[in-house]
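J.: I have a structure I would like to understand better, so I am pasting it below and will then ask my questions one at a time.
Only the coordinates and a few stated rules stand behind these numbers; no lab work does. Values in this document were obtained by computation on a predicted structure and should not be read as measured data. Note: ideal-geometry Cβ built from the backbone for every residue, glycine included; neighbour counts use all protein chains shown.
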Amino acid sequence: MAGTYPVLLWPRRLQQALELLPPGAPPRPIPVIAPSRRPRWPWAVSLGGVVATGVILGGIPGLLVLGVGLGLVGGGYVWESRQYWLQCQHYQDRQAIYHQQKRVFEQWLGEHEQEVQHLRQPKIQQALQKVMAYPEPARQPPQSGVSEVYLHSFLIQYFPGMIHSNLALGDPIKTQKRPYYPDFTYINKTLNLYLDIEIDEPYFYSDNRLKPHHIKDEKRNEFFLAAGWVVVRFSEYQVVTQPKSCCKYIAETIAQVQQTPLGQVWKSIRDLEPDPQWNEAKANQFIGQRTRYRYLKQYLPKDIFQAQKNYINRL
């Protein structure tokens, strides 16, 4: 899996309708991925290994190993820190360019709003009528994830009456034996708009061990898209660190479908920062670093953390 969170997937016909632009439109801005720093513990392990080797050898050989080893480890750490600093500087420059391009693009859309709407709206309405399957109450809903309770409190605040849990979506032609259970479902019956809102964790605890998670979600995504639903996926880290920004991203998605400007309530909320997706190797690295435990302990409210403490401590 490559790319970044959030993941936004449109049914094919709806995506085609939303991408219609009159001639002369500026290019769409592409979000920039923030650099990630390698963990520091390997440097500490290397330093400990050098010191231990020097002590074991003792005498002049030990001092030589200690001197050379400390020089290499220290030099490597300084070099890597310098590279990370340069990457951050480059990221800030690219981020400034992205925001400038976004302002230009949004300004152009605002100046040509009626022309764009006239072009898109009939096609959007046609696409929304292509919903092929509708949710039903789940008979055996899965247990809610650690961060779902946290995000739910924000979702019902910003989208009252529109957010539903414990729903199941079955296959109308029965090629899929078991239904899928969205983490959350946004339903706007007036528009006939259905959003599958998912929170992706890099790993989970099951059968007395930690296992990589959300490595291959293509089949699940295609199932919802084929049913005519929009799929929105956030990383768990985004949810616990930027819950309001996640809600703003959902609001932006809905505004795209409605072809209306974003409401004033969202103006004071920052845009959602992208978060890199992971593959199996990266998920295993997160397991080794206890990444989920660290950010859940740091960012979850104390009451939610305490309620899920036994599970979180295993992560």
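J.: Explain nothing, just compute: Karplus ³J(HN,Hα) = 6.51 cos²θ - 1.76 cosθ + 1.60, θ = phi - 60°, for every residue of the stretch 79-95 in order, whole Hz, x for Gly and Pro.
T.: 4, 5, 4, 5, 4, 5, 4, 5, 4, 5, 4, 5, 5, 4, 5, 5, 5
J.: Which residue, chosen from GLN117, GLN87, VAL73, occupies the Cα position most advanced towards the positive end of the dipole of the stretch 33-147, where the dipole is computed from +1 (Lys, Arg) and -1 (Asp, Glu) charges on Cβ about the Cα centre?
T.: Among GLN117, GLN87, VAL73, the one farthest towards the positive end of the dipole of the stretch 33-147 is VAL73.
J.: Under 1.5 on a/c is rounded, so check that first for the stretch 124-223, then, if it is not, pick prolate when a/b is larger than b/c and oblate when it is not; a ≥ b ≥ c are the square roots of the alpha carbon gyration tensor eigenvalues.
T.: oblate
J.: Report the calculated FRET efficiency for LYS267 and LEU72 (r = Cβ-Cβ distance, R0 = 45 Å), to the nearest 0.05.
T.: After rounding, the FRET efficiency stands at 0.30.
J.: How big is the charge dipole of the chain about its Cα centre, in debye rounded to the nearest 20, if each Lys and Arg gets +1 on its Cβ and each Asp and Glu gets -1 on its Cβ?
T.: Taking the Cα centre of the chain as origin, the dipole is about 540 debye.
J.: Which of rounded, prolate or oblate describes the stretch 205-315 when judged by the alpha-carbon gyration tensor and an a/c cut-off of 1.5?
T.: oblate
J.: Give me the number: length gained by fully extending GLN89 to LYS302, i.e. 0.36 nm times residue separation minus the C-alpha to C-alpha distance, one decimal in nm.
T.: Taking GLN89 through LYS302 to full extension adds about 73.2 nm, to one decimal.
J.: If you place +1 on the Cβ of every Lys and Arg, -1 on the Cβ of every Asp and Glu, and leave all else neutral, what size is the dipole of the stretch 140-204 about its Cα centre, to the nearest 20 Debye? Could the numbers behind the result be given before it?
T.: Numbers: 4 positive and 7 negative charges, 73 e Å.
Taking the Cα centre of the stretch 140-204 as origin, the dipole is about 340 debye.
J.: Follow-up. Could you work out how far helix 280-289 tilts from the main Cα principal axis of the chain, as a 0 to 90 degree angle to the nearest 10?
T.: 60
J.: Is the shape of the stretch 212-276 best called rounded, prolate or oblate, per the rule: a/c under 1.5 gives rounded, else a/b larger than b/c gives prolate, else oblate, with a ≥ b ≥ c the square roots of the Cα gyration tensor eigenvalues?
T.: Taking the square roots of the gyration eigenvalues as a ≥ b ≥ c, the stretch 212-276 is oblate.
J.: Over the Cα atoms of the stretch 19-92, each weighted equally, I'd like the Debye log10 I(q)/I(0) at q = 0.14, 0.17, 0.19, 0.20 Å⁻¹, rounded to two decimals.
T.: -0.62, -0.76, -0.83, -0.87
J.: If eta is 0.890 mPa s and T is 25 °C, what Stokes-Einstein diffusion coefficient results for the chain, Kirkwood Rh from Cα pairs, in µm²/s?
T.: Approximately 109 µm²/s, per Stokes-Einstein.
J.: Right, another one. Take THR190, THR253 and order them by how many other Cβ atoms sit within 10 Å, fewest up front.
T.: THR190, THR253
J.: Give the value in nm², to one decimal: projected area of the alpha carbon convex hull of the stretch 170-251, averaged over all directions.
T.: 6.7
J.: For a quick check: sort GLU280, GLU198 by the number of other beta carbons within 10 angstrom, fewest at the front.
T.: Lowest to highest Cβ neighbour count: GLU280, GLU198.
J.: Over the chain, with a Gaussian network built from C-alpha contacts below 10 Å, which listed residue (GLU252, GLU201, GLU115) shows the highest mean-square fluctuation?
T.: Of GLU252, GLU201, GLU115, the Gaussian network model singles out GLU115 as fluctuating most.
J.: If you don't mind, another one. How large are Rg and Dmax for the stretch 1-150 when only the alpha carbon atoms are used, in Å?
T.: When restricted to Cα atoms, the stretch 1-150 yields Rg and Dmax of 27.5, 83 Å.
J.: Let me ask another. Using only DSSP helix segments of four residues or longer, with each worth -39500 (n - 2.57), what per-residue ellipticity at 222 nm results for the chain after dividing by its residue count and rounding to 500?
T.: After summing the helix terms and dividing by the residues of the chain, the value is -16500 deg cm²/dmol.
J.: Residue farthest toward the positive end of the dipole of the stretch 157-315, with Cβ of Lys/Arg at +1 and Asp/Glu at -1: which of GLY263, GLN285, PHE184?
T.: GLN285
J.: Within 10 Å of each candidate Cβ there may be at most 14 other Cβ atoms; applying that plus a DSSP loop requirement, which trypsin sites (Lys or Arg not before Pro) in the stretch 79-137 survive?
T.: Loop-located and lightly packed - LYS130.
J.: Taking the 0 to 90 degree range and rounding to the nearest ten, how far is the long axis of helix 243-258 tilted relative to the main principal axis of the chain, both from C-alpha atoms?
T.: Taking Cα atoms only, the helix is inclined about 30 degrees.
J.: Once label points are set 7 Å from the Cα along Cα→Cβ at both ARG28 and LYS219, what is their separation, rounded to one decimal in nm?
T.: That separation, rounded to one decimal, is 2.9 nm.
J.: Considering the dipole of the chain built from charges on the beta carbon (Lys and Arg +1, Asp and Glu -1) around the Cα centre, which of HIS99, PRO39, PRO11 is farthest to its positive end?
T.: Positive-most Cα among the choices belongs to PRO39.
J.: Hey, another quick one. What is the extension gain from GLN258 to HIS99, computed as 0.36 nm multiplied by their sequence separation minus the C-alpha to C-alpha distance, in nm to one decimal?
T.: Working it through step by step, the gained length comes to 54.9 nm.
J.: I've got another one for you. With a 10 Å Cβ neighbour count serving as the proxy for reagent exposure, in which order, fewest first, do MET162, MET132 appear?
T.: The order, fewest Cβ neighbours first, is MET132, MET162.
J.: Shifting gears a bit: Consider just the alpha-carbon atoms of the stretch 85-142 and return their Rg together with their Dmax, both in angstrom.
T.: Using the Cα atoms of the stretch 85-142, the pair Rg, Dmax is 20.8, 53 Å.
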